[in-house]
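Report on one structure; see the data block that follows.
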Amino acid sequence: MRSVDSTAIYMVDYETDSSVVREYMTNNEFRNLLKAERNGFIKIMNHVQIIGSTSRKA
């Protein structure tokens with residue numbers, strides 16, 4: 001069984017219509033940002049997982 005660990009922290013650089021943003025976010029927030037990129041609202045330029053893991057087996 002796979003479960004999501006929301007303790008992972010990402011540093012993400014992304015571009016909106018008018019600016020470039022660097023933001024630190026949790027795994028859940030990063031997943032929402034990926035959805036926004038797929039829908040064409042933003043463009044992720046760089047991302048690095050700083051701490052934690054994104055999944056673990058129970």
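The values are calculated or read from the model by the stated rules, or taken from the named source; none is laboratory data. Note that the structure is predicted; figures quoted are calculated from it, not measured. Cβ atoms come from the backbone with ideal geometry, glycine included; neighbour counts cover every protein chain shown. For accessibility, only protein heavy atoms count, side chains too; no ligands or nucleic acids. Shrake-Rupley method; radii C 1.70, N 1.55, O 1.52, S 1.80 Å.
Which net charge results when you count Lys and Arg as +1 and Asp and Glu as -1 among the other residues whose beta-carbon is under 13 Å from that of Ser19?
-2
Provide Ile50, Ile44 ordered by accessible surface of protein heavy atoms (probe 1.4 Å), highest first.
These residues rank, largest area first, as Ile50, Ile44.
Could you tally the net charge around Met45, taking each other residue with its Cβ under 9 Å from the Cβ of Met45, Lys/Arg +1 and Asp/Glu -1?
That works out to -1.
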